[in-house]
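Participant: This structure is in structure tokens; I'll ask about it shortly.
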Amino acid sequence: MFWAYIAFSQYFLIWNANVPEETFYFNLREYGDWYWVGMAVLFLYFLFPFCYLLSYRHKIDQRRAAFISWWILVMLFVDICFNTLPAIRDATGHPRPFFSPMIIWHITALAGVGGVCVWAYLRSFPTAKLLPIRDPRIAECLTYHEPTA
């Protein structure tokens, strides 16, 4: 909700002011297939997960929660591409299309950096303690029961 509020507020203020130094950002994103990527970000990154998670059964089922988590991660990648890639232009000065061979470099960079981060996390995981064993109140926390009214 906060992301949608901030994005709409930014778009509304820039659209309402109509200052050329600021509107170029949205003009680039309305050219070619970037318009459809913007609509996908709006509906598939905000509206679909929002409506999907309204149902309680989607939140408690592990497979459904995993599905929407992966969905949001993929759409986060699309959102980052939507925010950064239209600045890369072709020889005519137009932004490169979203579905171009250049996108493969961004996907492999994400997989490479993400793979290194996951590898480092999994390698350090056995050496880390999951419980704060040196906390003086750990015994109290482990045996705490909520008081009844």
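Participant: Among 2-13, 66-77, what's the highest-first ranking by average C-beta atoms within 10 angstrom per residue?
Facilitator: 66-77, 2-13
Participant: Let me ask you something else. Set Lys and Arg Cβ to +1 and Asp and Glu Cβ to -1, take the dipole of region 49-149 about its Cα centre, and tell me which of 55, 115, 99 lies farthest positive.
Facilitator: Towards the positive end, the residue furthest out is 115.
Participant: Within the chain, which is the longest segment that contains none of the trypsin sites (Lys or Arg not before Pro) sitting in a DSSP loop with at most 16 other Cβ atoms within 10 Å?
Facilitator: Counting only loop sites that pass the neighbour cut-off, the longest clear stretch is 1-128.
Participant: Where the centre of each part is set by its Cα atoms, how far does region 69-105 sit from region 132-149, in angstrom?
Facilitator: Each part reduced to its Cα centre gives a spacing of 48 Å.
Participant: I need the GluC sites (Glu not before Pro) found in region 1-75, filtered to DSSP loop residues with at most 14 other beta carbons within 10 Å of theirs.
Facilitator: Here the GluC sites (Glu not before Pro) that fit, given the DSSP loop and packing criteria, are 30.
Participant: So, how do all the Cα-to-Cα distances of the chain break down into 10 Å bins, in percent, from 0 on up?
Facilitator: With a bin width of 10 Å, the distribution comes to 8, 24, 26, 22, 11, 7, 1, 0.
Participant: Using only C-alpha positions, report the orientation-averaged shadow area of the convex hull of region 59-141, nm², one decimal.
Facilitator: Computed as one quarter of the Cα hull surface, the answer is 9.5 nm².
Participant: Once you charge only the Cβ atoms, +1 for Lys and Arg and -1 for Asp and Glu, what is the size of the charge dipole of region 1-99 about its Cα centre, to the nearest 20 debye?
Facilitator: About 500 debye.
Participant: Mind listing the phi-derived Karplus ³J(HN,Hα) values for region 29-41, rounded to whole Hz, using 6.51, -1.76 and 1.60 with θ = phi - 60°, and x for any glycine or proline?
Facilitator: Ordered by residue, 3J(HN,Hα) equals 7, 10, 9, x, 7, 5, 4, 6, 5, x, 5, 5, 4 Hz.
Each value in this text was obtained by applying a stated rule to the coordinates, not by laboratory testing. Here the structure is a predicted model, which is why all the values come from computation and not from measurement. Cβ sites come from the backbone with ideal geometry, for glycine too, and all protein chains shown count toward neighbours.
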